Structures are given as structure tokens and as C-alpha cells.
């Protein structure tokens, strides 16, 4: 050993002794911990295998899924499995949900971190927890029985014909992702060092100037991570969205018209189709696309830096 | 008044309005369901069967929800606690740990409908079980196991190292230390974790539509105790529509008067249960904390 100066902390780096290797409790708990790896491997394998059957078993050209025409009925003369309306719909409703939720969530997080007196925080904190806990079907049911009829009766002038619309989907989703973005943004804000706050205020700035020019920039990375996590949840949400967007397979061009998403179509058609037929296989392809989207989000979040406490 | 101060006051007002708006929306949602379910949501509603003639109840569906919840917890909690022990007490910084963590992150981000499809392929089709409560519970295990593991790991990591050193210095083995010193101290955190997980399981629907099924049971024979008979409500192999799935199903059945009333009340019930789970987690966590630190 020529360089004794950099000694690694040995207890962390040493290899296991034979006794430790044979330790039964260690092996049992290790087996439990690796269950998740097995589950992930199985899930990836099953979804990927079923997701490519449309191309391998039914011979549909891969490029066809980029078509805007969804005509899965095998008896129709021009059967086309274009998935573009679903992909575009998922992206549109996700973007709209995030666009509505982000300003509100960030405002709420700033409020909870900087402005709220103790009594107000003791209301907003549990409120956020309850928000997270409300099941998505409840949001969907609320959208279906309250929001959609409201838009139908009061939104005619704005172009809402049936109420089921991209706007309704985005609004319902924004409620669901609000607590996600808020809690991650709140974490980011509370971890900004107090010295920064003090230094800024000592310069004679107002609270808002400190928030605007010091805290928000310092917490920016964390807030972006929160928004990405919210979008991830929005992209994968199925039932609440399906109940309010109208499920029409067209590329969304208007906030007020019915459209559809990947998750909605899977939810609706999975039970009506027979395993092995191309229509059913196309649904699995949609599932595979969803899986790839969430994989992309996981990698994105990793690159942005994991928040301390994910919601 | 200078512009800067005016901006500060405006911003403060806007932040207050945002917070009040969010809390008002939440209270509005809760109030809406309480009003919509008024007169329906009672003991009768909880035990009766759904029927078309009069306003039915959710008895069998509620039973299924609780059944799936208990079955899922029986699968998730032991595995999750053991896995959490490994991650907190044994795992180093090796490649295996990294892989496990990545898998945990990945699976908690997979949409629940995709987990449902996976369950359909594996626990419904490949096993030839058809729609069963067991299949639904296994699908729920997929994304609740990582959560339970992580919550246990956090609870164990919160136990100070002094406790471990003290026990090891007395000559206790590693497992003995974990079992009799660390784990008891982590119980409050773990119990809170279990209750929060339970709340999630109770509300989940997307993963269950394709795994535990959509058929509404007309009536259950609770005297049938044959655990392998799919007609017995006690059998893990019986198709089990849960309360959440039942609400989703209502939306495809047209909004008849009773359908709406029953679904509104079911949603109210779900919201109330979630509130109870939340308060329960807080209360019980605090109570156990006092027990543990007092002992």
C-alpha cells in the first residue's frame, strides 16, 4: 500500500464474511427485498411481449400506429390501428392538467412555506393529505355528475356542446395532481437555507421580493421535479379522465370538444375485445406506450434529482 | 404607497386567495357528497344488496372491498416489512441495492391501468383463475409492495444508531437487535405506513377492473365456507367487484335516479373512509409513539 492517506471506511466497503453470508435472516429479508425486482421483470416482459403482438402476430406495419385514423372494427373495409389520437390526447390532457395545477400548487406551496401563520398551516397540511387520499373514481364521478352537466348547461356560448371535453379532463386532473406538485414544491422551498432568506431581507427587500428573486429561483429545480411528477401521474390516470372526456378518438383540436386518451381507450375496450384479435393487441400496444412514457418520466426525474420525499 | 410595497401586499393577497380557494374546493367536495348521500347513507345502505326496484345498498360490494383490502395487506405487509428490514439494516451501497431502488421507483410510476393489464395477463389468463379477489390482491401487491418497503425502511432508519450499538455491545446478534430493539421502536412509523397503504388500496379501481372483475353480486351466501368454491364470498377465488369499481361501473349504466343516488352515497362512503384512514393513521401513530417512548 503506497497511499495510506485515502483510507476507505472499511466497514462500508469490506466484503461479507462467511458467517454473514450464511445468516438466515439476512437471506430471508434479501429475498423479500428482491421480490420487487422479480415483479418489475415480469411486468416489463408481459407488457412488452403483448405490446408487440400487433406487429409480430397480426402483421400490422409499425408505422400504421402513427396514423390518425382509429378504425379497429375488423368488419370495416379499411381497418386501421392509428394510435395518434390517443397519444395526442394523453399529452394534451396531461399538459392542460399541469398548466392549471402548477400556478395554484406553487402559490399554495409558497403560502405554506412563507406566508401562512401557524393556524392556517394546521388547516392546509391535513387538507393536502385528504386531497391525496381521495380516490380517483370519486373525482371522476364528481366530474361526471357535476362538472360535465354544468359545462353542458352553462358553456354553450363558449362552445361546450356536450360538456365532455378536454377542458373537463384537464380540470379534473389538475385537482388530482395539485397535492403532488404542492408537496414536492413545499419540500424544495423549505430546504432553501435560512441564510439566503435572511441575507435578502437584510438588504431591505419586501417578503414578495425575497420570494420572487431568491426563494423561487433557489427552489426552481425542486419545483420542476414536482411538476414532472404531477405530469407523470396525469399521464397514467385512467378512470377519472375516461369519465369526463367523452372518449371520441380524434386528435384534440379544441378545449371544448370530446376526445380520448390511451388509458381511457384501454379501460373501455379491454373487456369488449377478445385476446388474440388485432383490436385487443392494439390495446396492449397502448399499454406498452404508456409504460414507455412512465419509464421516460422516471429517467427524467432521476436526472432532475430526486426530491427527498416523493408524494 | 411605493410600488414595491404595493406589489408585496398584492402578492400576499393572491397567495391567501389561492390557499383559501384550494381549501374551499376540498370542503366543497366533501360537503357535496355529504349532501348527495343524505338520507341514503345509513346502516341499511351498508348491508343491503344492490337492487333495481328500490334504492339498494352496497353490502356485497363493501364486503368485497374489505376482503380485497385484508387479503392485499396479508400479502403486502409481511413482505414489505421484511424487504424494508433488508434495505435499512443489511443493504450496502452495492449494485443490487441500486437495482432494487430503481425498480421501486419504476413500479410506483407505472400507471395503475397498466398494472391491471399485467394482472389480467398473469393472474387472470395465464393462471386460468378468471376474475378473482386473489388476482386483484396480487395486482395491488405489485404497486403497494414498494410503498410498504419504503415506508418500513424510513421508519427503521429513523431509529437512532445508539439503540443498535447498545444492543450489539451487549452481545446480541444482529437479528436479535433488529427483532427486539429496532423493530419495536419503528412500530409507530410502520403502523402509520400500513394505514396509509390501506387507504390507497381501498380507493384503487383501475387495477382491479381487469383482475377482480366487474360483475355485481346479487347476494352472497355467507354460510358457504368452502374456500375453494368461487361462489363462496370467503373464497379468495370469488370474483370481487369492490366499492371503487362499483362507482366507476355506475357511469356506464346511464344516470338513472337510483344508480346516481347509490353511486353518490358510495362515493361519500369512500371519502369518509379515506378521512377515517387519515385521522386513524395520525391518531394511532401518535398513540403508539407515546407507548413506545414511554415504555
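Summarising the label geometry, the points placed 7 Å from Cα in the beta-carbon direction at residue B:66 and residue A:254 lie 4.9 nm from one another.
Here the relative contact order of the stretch A:198-292, from alpha carbon pairs under 8 Å that lie six or more residues apart, stands at 18 percent.
Note on residue B:38 and residue B:165: their simple-model spin labels are 6.2 nm apart, each label 7 Å out from Cα toward Cβ.
Placing dummy labels 7 Å off each Cα toward the beta-carbon, the span from residue B:290 to residue B:98 is 4.7 nm. Could you tell me which of rounded, prolate or oblate describes the stretch A:63-115, using a ≥ b ≥ c as the square roots of the eigenvalues of the alpha-carbon gyration tensor, with rounded for a/c under 1.5 and, failing that, prolate when a/b is larger than b/c and oblate otherwise? Prolate, since a/c reaches 1.5 and a/b exceeds b/c. Taking every residue in B:260-270 and counting other chain Cβ atoms within 10 Å of its Cβ, the average works out to 3.
Between residue B:47 and residue A:196, the FRET efficiency from the beta-carbon distance, with R0 = 51 Å, is close to 0.30. Listed from fewest to most Cβ neighbours within 10 Å, the set A:141, A:119 follows the order A:119, A:141. Shape class of the protein assembly as shown from the Cα gyration tensor (axes a ≥ b ≥ c, square roots of the eigenvalues): rounded, since a/c falls below 1.5. Highest mean first, the peptides B:284-292, A:107-115 sorted by other C-beta atoms within 10 Å per residue fall in the order A:107-115, B:284-292. Averaging the sequence gap over all C-alpha pairs within less than 8 Å and six or more residues apart, then dividing by the number of residues, gives the stretch B:89-210 a relative contact order of 35 percent.
Placing a label point 7 Å from the Cα of residue A:31 along the Cα-to-Cβ line, no residue of the stretch B:135-177 has its backbone N under 11 Å from it. Ranked by how many other Cβ atoms sit within 10 Å of their own Cβ, fewest first, the residues A:213, B:238 fall in the order A:213, B:238.
Take every pair of alpha-carbon atoms less than 8 Å apart whose residues are at least six positions apart; their mean separation over the length of chain A yields a relative contact order of 25 percent. Ranking of B:89, A:277, A:237, B:105 by neighbouring Cβ atoms within 10 Å, starting from the fewest: A:277, B:105, B:89, A:237.
In the Gaussian network model of chain B, springs joining C-alpha atoms below 10 Å, which of B:82, B:43, B:145 carries the largest mean-square fluctuation? Comparing B:82, B:43, B:145 in a Gaussian network model of chain B, the most mobile one is B:43. Rounded, prolate or oblate, given the Cα gyration tensor of the stretch A:128-239, with a/c below 1.5 counting as rounded? Judged from the Cα gyration tensor, the stretch A:128-239 comes out prolate (a/c at least 1.5, a/b above b/c).
For the pair residue A:275 and residue A:78, what calculated FRET efficiency results from E = 1/(1 + (r/R0)^6), where r is the Cβ-Cβ distance and R0 = 25 Å, to the nearest 0.05?
0.55
Peptide A:39-49 is shielded by partner chain Cβ atoms: per residue, an average of 6 of them sit within 10 Å of its Cβ. Residue by residue along B:20-32, Cβ atoms of other protein chains within 10 Å of the local Cβ number 5 on average.
With r as the distance between the Cβ atoms of residue A:69 and residue A:119 and R0 = 60 Å, compute the FRET efficiency 1/(1 + (r/R0)^6) and round to 0.05.
Once rounded, the FRET efficiency stands at 0.55.
Here the Gaussian network model covers chain B, with springs between Cα atoms less than 10 Å apart; of B:192, B:98, B:40, B:98 fluctuates the most.
Bear in mind that the values in this text are calculations on the coordinates, not laboratory data. Remember, it's a predicted structure, so these values are computed and weren't measured experimentally. Positions of Cβ are generated from backbone atoms using ideal geometry, with glycine treated the same way; all protein chains shown enter the neighbour counts.
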